[in-house]
Amino acid sequence: MTTLLQDMRYGLRLLWKSPGFTIVAMLSLALGVGANTAIFSIVNAVLLRSLPFSHPDRLVKIGANNRGVGAQDIGLSVPELDDLRTRAGVFDQVAATLGGPTNLTGGEHPQRLELLEVSPNYFSMLGTSAHIGRVFGPGDEAPGFAEAAVISDSLWARGFGRDPGVLGRKMQLDNDPYTIVGVLPPAFRHPGGTVARDVEVWVTTGFRADPFPKPERSLRQVPGAIGLLKPGISLEQAQSRLDAFASQLRAEYATDYPAGSGWSIEVKSLQESLVGNVRPMLLVLMGAVVLIILLASVNIANLLLARASGRHREMAVRLALGASRSRMIRQLLTESVILSLASGIVGVLTAMAVLHSVLFLPGRIPRLAEVQADWAVLGFALLVSLLAGLGFGLVPALQSSKAEIAVAIREGARGSGTSGKTNRLRGLLIASESALAVVLMVGAGLLLRTLWGLLQENPGFNPSRIVAANLYLPVPNNPDMDRYNKPEMLNSFVRETVRRVHAIPGVEQASMTTDLPVAHLSRRRSVNIEDSPDESGKGLVSEVTSVTPEYFKVLQASLVRGRFFAEDDQPGKQLVVIVDETTARTFWPDRDPIGRRLSIRNPGGAANPPWSTVVGVIADIKNDGLDQSGSPHFYSPIYQVPRLLNLSVTVRTSLSATRLEPLIRHEIQAVDPDLPVFNVRSMNEVIDGSLASRRFSAELVGVFAVVALLLASVGIYGLLAYMVGQRAHEIGVRMALGAMPSTIGKMIVSRGVGLAGIGVGVGLILSGIMAPLISSLLYGVRPLDPEVFIAVPLILMVVVLLASYIPARRAARVSPIVALRES
């Protein structure tokens, strides 16, 4: 212990005496440790840590698919939920979940909240209890909605000032009274995706009475469910049994499951269903920061080698006085570990400050609220710091401890250079830096090319100068109290709202829709094609958007054939639809779709809905996102739709969203003062939001690539600058014998370019091997994209030439007389 303390004190003194070296080394390593700590904190919370519920390994998401037509997540019916609970034989419990917005009224201003409708056993299945009050229990069983409501901690704080007297208080949700019976703990989050934000209110229902339609097996009104597997049943066993059970149900209820649909039940780990979409992105970011820490370590190893060459005489003297080689290695490694731990502390503090704000994280990453600096994160940071310290310190320590005593003392007296072996080792490190930089730059290039391509993607409409505002029409539990359940009232509201908004100064055109482009909120409906019985027999599911006649004009969408909707497309008139080009090619490949008929079944609607006639074909609109090919998509006139919930007012205007927001809110609430207006934003912001995750990964990896490029260039500059200083005597002799300054400069530049060239070659090979691993994050770009694989080496070599220029210029100006005299 005494020896270790001596080594630590000596190492600290040396670091203190070399402030320039210490600061540069600490900043380089702190950058690497900080980046690794920040990204690992997210990876740990999102991917590695179990869900904070009872039996997280047994919790699964339950969904249904029509494999025959490639339809995913088509929802579950109430009878199917009953079957899963009582007949499937694999679940201890099953809880249905149905999320969406709700309107909170009765206060000074109406508010929009995120609500989740669940089965009464939802909380008990998750093993969650209330912070104050209670959660749902058997006493809350009801065919329709029960009166009880449970609220989140955030709503309790924002809406009720954390008043313990909130229990028993009434709240108006969609014009229905609910009684608050419990407040959840601050850390509780619903384990699933919602429309826009965290759930703030939970209510319970049996999905069998108003306002729900009469349960039918073919009426899949519940988007999905959560299940708790029985003990001892694995996910694979459960899926196998459910496959057999689905086959049994298809045979029992043949009329409800079309022969070609391939209806099936799918279970997926609840954690995987929650985080599976972001796993590739987070793993790519984790790989990027690992390359950053490797680059930083290689850079510091080069600095230590350069520094060690100046300590050869010191090492030789200590060896001559009896110090063992192991003691010398331990001393040098102690210095490296001190440097790495100090850098690690700085890096961790920086990472925690950044994570505390989480401003740089896209909101669509799940479990963000669970990101924290726990012991696993701190342990990871400590391990990274120690491994980095040992990694960059070991090679210089081994090299320095091999000093030839007599030679080192003699050369130290002359201030001579380093050995050929040391120079080769430094060259190898520089080539390694270049290779690592190439790998990062290629990855960043592919992701940035993808993002740029998506930004240039034609969305099928003109998003400039479009502003959208969202609203939600309430659905009271008693249909008699639902003013918008009457078509004439609904259409009157839509017309008056569009008229008022259109009259706002600066608004050129106004419309209303149930789904904004690229937002992917369309309603999924069962579709039958009149003259394609084979296709219809497979249980087709399409996405249906309802719009006012002005909608396509606001978007400036292109009409391919037929006509747009007209004000004449009213209730009682022939039902009409518009399809996009892809849908037309899919269902009527060899025929003109105009005049063809199809039927769309709405929830609660007739079992045999009336036929709708195709009156128009428009150019494809990217409704499902710029990076999605989309599913069959139909448009229907709002005025012919019996019930609407989510609506968006869309306007073409010269005003900004900020200026327009209060004006739109005033006009909508002049029609119905109980409607909150939310998410007022430009269409460009909607598109940007849909690309948030891609933008995040591309820009962050791009930043890491720039850092890697800088580290590589600094490493090459440092090597060449040091080489010029060490070879001043040789350069002086060459120039005294007639060598031209340009020749000397080319010698130095060729050294840097040669080392970088070797690294580039190795880096391109590694990139070619690793690029396919990020193919799931690419769109419209091949993993071995030639433009990226050509541009990256060119950029790196240009930077290398610039980094080599200053040392080369300095070498070309060496005075032979001065160099020979000082040697």
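The values are calculated or read from the model by the stated rules, or taken from the named source; none is laboratory data. Worth saying up front: this structure is predicted, and the values here are computed from it rather than measured. A quick note on method: Cβ atoms are made from the backbone with ideal geometry, for glycine too, and the neighbour counts reach across all protein chains shown. Surface areas here come from the heavy atoms of the whole protein model, side chains and all, with no ligands, DNA or RNA. Shrake-Rupley method; radii C 1.70, N 1.55, O 1.52, S 1.80 Å.
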Task: segment 758-771 - phi-based ³J(HN,Hα) in whole Hz, Karplus 6.51/-1.76/1.60, Gly and Pro as x - done: 4, x, 4, x, 5, x, 5, 5, 4, 5, x, 6, 8, 4
Task: Percent carbon-and-sulfur accessible area, segment 621-685, ignoring ligands, DNA and RNA, probe 1.4 Å - done: 48 percent
- [ ] Using packing as a proxy for protection, rank 691-700, 105-114, 788-797 so that the peptide with the highest average count of other Cβ atoms within 10 Å comes first.
- [x] 691-700, 788-797, 105-114
- [ ] Multiply the residue separation of Ile769 and Leu283 by 0.36 nm, subtract the distance between their alpha-carbon atoms, and state the gained length in nm to one decimal.
- [x] 173.3 nm
- [ ] For Met489 and Trp452, compute 0.36 nm times the residue count separating them, minus their Cα-Cα distance, and round to one decimal in nm.
- [x] 8.8 nm
- [ ] Could I have the simple spin-label model distance between Leu235 and Arg563, label points 7 Å from Cα toward Cβ, reported in nm to one decimal?
- [x] 5.3 nm
- [ ] Run the quick spin-label model on Asn462 and Ser50: label points 7 Å from Cα toward the beta carbon, then report their separation in nm to one decimal.
- [x] 5.7 nm
- [ ] Can you send over the carbon and sulfur percentage of the accessible area for segment 547-596, probe radius 1.4 Å, protein chains only?
- [x] 47 percent
TODO: Please calculate how many Å² of accessible area segment 29-130 carries per residue, with a 1.4 Å probe and no DNA, RNA or ligand atoms counted.
DONE: 31 Å²
Task: segment 36-159: relative contact order as a whole-number percent, Cα under 8 Å and 6+ apart - done: 15 percent
Task: Radius of gyration, Dmax [segment 176-297; alpha carbons; angstrom] - done: 21.0, 66
Open item on the list: Once R0 is set to 35 Å, what does the formula 1/(1 + (r/R0)^6) return for the Cβ-Cβ distance between Arg499 and Arg158, expressed as a FRET efficiency to the nearest 0.05?
Closed with: 0.50
Task: Against the rule of thumb 2.2 N^0.38 Å, how large the Cα Rg of segment 40-173 comes out - done: 1.26
Task: Cleavage-rule hits (chymotrypsin sites (Phe, Trp or Tyr not before Pro)) in segment 196-267: DSSP loop, at most 16 neighbouring Cβ within 10 angstrom - done: Tyr253
Open item on the list: Give me the one-decimal nm value for the distance between modelled label points at Leu386 and Val706, 7 Å along each residue's Cα-to-Cβ direction.
Closed with: 3.5 nm
- [ ] Be a star and scan segment 483-504 for residues whose amide nitrogen sits under 18 Å from the point 7 Å along the Cα-to-Cβ vector of Ala670.
- [x] 492-504
- [ ] Would you mind listing how long segment 120-247 runs along its three principal axes, going by Cα atoms, in whole Å with the largest first?
- [x] 52, 34, 31
TODO: Under 1.5 on a/c is rounded, so check that first for segment 172-236, then, if it is not, pick prolate when a/b is larger than b/c and oblate when it is not; a ≥ b ≥ c are the square roots of the alpha carbon gyration tensor eigenvalues.
DONE: oblate
Task: Protection proxy ranking, peptides 747-753, 665-671, average beta carbon neighbours within 10 Å, highest first - done: 747-753, 665-671
TODO: Scan around Arg134 for amide H atoms under 5 Å from its own, H built in the peptide plane at 1.01 Å from N, and keep only partners 5 or more places away or cross-chain.
DONE: Gly182, Val183
- [ ] Determine the share of segment 125-166's accessible area contributed by carbon and sulfur atoms, expressed in whole percent, with a 1.4 angstrom probe.
- [x] 54 percent
Task: Computed magnitude of the charge dipole of segment 29-179 (debye, nearest 20; Cβ of K, R +1, Cβ of D, E -1) - done: 440 debye
Open item on the list: At a 10 angstrom cut-off on C-beta neighbours, averaged per residue, how do the peptides 156-169, 441-454 rank from highest to lowest?
Closed with: 441-454, 156-169
Task: Net lengthening on full extension, Ile790/Gln574 (0.36 nm per residue, minus Cα-Cα) - done: 71.9 nm
- [ ] In whole Hz, with x marking every Gly and Pro, tabulate ³J(HN,Hα) for segment 783-799 from phi via Karplus 6.51 cos²θ - 1.76 cosθ + 1.60, θ = phi - 60°.
- [x] x, 9, 4, x, 4, 5, 6, 8, 5, 4, x, 5, 4, 4, 5, 4, 5
